[in-house]
1. Per 10 Å bin from zero, what fraction in whole % of the C-alpha pairs of the chain is there, up to the bin with the longest pair?
2. If you place +1 on the Cβ of every Lys and Arg and -1 on the Cβ of every Asp and Glu, how big does the dipole about the Cα centre of the chain come out, in debye to the nearest 20?
Amino acid sequence: MGVVTPFPLAPGQGRPGQIGFDRPELMRILDLYGRMVAAGHWRDYAIDLGRDAAVFAAFRRAAERPEYRIEKRPALRNRQGMWALVNEAGAVLRRGHELGPVLAPVERRLMKLVEG
């Protein structure tokens with residue numbers, strides 16, 4: 001058989017050089033995004049996969065700052081939790097260890113948009 005070469009790690013560190021979303025996490029985020037698009041509230045999104053965090057940003061219009069950012073920071077896993085919901089002004093609205101409760105304020109807002 002052939003030789004398997006592992007992906008290179010960041011120099012001097014035992015962690016990958018890029019943080020990303022797992023498939024179930026991204027599915028949950030994109031499901032929420034799709035429902036907000038269907039409600040006519042969001043129109044665009046961006047994903048930033050960096051060394052310290054993976055960020056999903058949702059926009060009302062493409063030329064604005066994102067209305068919400070969903071951030072995954074594994075370095076905070078043992079402290080406040082690796083998930084954070086950040087508003088347009090940069091204030092952290094919710095932080096936690098699980099994605100579902102962090103997305104709850106946006107889910108509630110979606111229910112108000114659909115009802116009204």
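No lab work stands behind these numbers, since they all come straight from the coordinates. Quick caveat: nothing in here was measured; it's all calculated off a predicted structure. Here the Cβ positions follow ideal geometry from the backbone for every residue, glycine too, while neighbour counts run over all protein chains shown.
1. Result returned by the calculation: 13, 41, 28, 12, 5, 1, 0.
2. Charge dipole, the chain, about its Cα centre: 220 debye, nearest 20.
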